[in-house]
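Read the figures in this text as sums done on the coordinates, not as results from a lab. Keep in mind that this is a model prediction, so the values were computed, not measured. Every residue, glycine among them, receives a Cβ derived from its backbone with ideal geometry; neighbour counts consider all protein chains shown.
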Amino acid sequence: MLKSTTTTKRHTSPTGNKHHGQPCRCEAYDCAECREITQQAFKGAVEEWSTVFRNPALLTIVPQDGMVACDEIGSFDLELFIRRHRQKLKRYLPKDCLLVGGVDVALNAMENTVQGCSFHSHGILSRKLTSTERTRLKKAYPINRDMGIYKPIQVKPIRGSDLGQTAAYVYKSWGLVDLQA
């Protein structure tokens, strides 16, 4: 089940300094400071892996089972979602292609009316996909207009100079997901 650790270990010192001058490590889903620390660490790690990510691409996946009504978000099984799509991607991505990324959730609204929430993944591929590989992946994640899924798979090239910023975007507070593990 999806759980938010909104009760954090944050403390405010008498001088108003959070954490007594130490970086926050509460790891709460909603803690902006922890998110920034972790995103920057992930960005640095991916930049160090630049020899692995020689021709990288951003992969966004919007699966049908990630569409959830807002009042059901508390019962969404995030671990099952990750496990299911990790296995699926192992079957559909080429063996020589590494994918690292995270799970994100978006509030879907149309004409100022909330439609629901969408759990989806953003990841960095170590290389671009061929048109055949991309077509195969798109067949595994089909369009479903009734659910509002018009582009379930998006693959965009990443310029080398944008790799670090893309890594920071890909990592979300929900946790790092190595989809190839």
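Checking the cross-link pairs 95/138; 43/138; 43/139; 90/156; 128/151; 95/156 against a 22 Å limit on the alpha carbon distance flags 43/138; 43/139 as lying beyond it. Put in order of Cβ neighbour count within 10 Å, fewest first, the listed residues 70, 31, 26 become 70, 26, 31.
Placing unit charges on the Cβ atoms only, positive for Lys and Arg and negative for Asp and Glu, gives the range 26-177 a dipole magnitude near 1140 debye about its Cα centre. Assuming a ≥ b ≥ c are the square roots of the Cα gyration tensor eigenvalues, decide whether the range 26-177 counts as rounded (a/c under 1.5), prolate (otherwise, with a/b larger than b/c) or oblate. Oblate shape, in that a/c is at least 1.5 and b/c is the bigger or equal ratio. Beta bridges per DSSP, both residues in the range 26-177: antiparallel share near 95 percent.
Here 104, 77 are placed in order of increasing Cβ neighbour count within 10 Å, fewest first, which gives 77, 104.
Panel order for 126, 121, by other beta carbons found within 10 Å of each beta carbon, from fewest to most: 126, 121. Rounded to the nearest 0.05, the FRET efficiency derived from the C-beta distance between residue 45 and residue 136 at R0 = 22 Å is 0.15.
As a calculated quantity, the FRET efficiency between residue 92 and residue 162 at R0 = 35 Å, using C-beta atoms, amounts to about 0.85.
For residue 108, the residues whose amide H sits under 5 Å from its own are 115, 116, 117, 118, ignoring neighbours fewer than 5 places away on the same chain, with H placed 1.01 Å from N.
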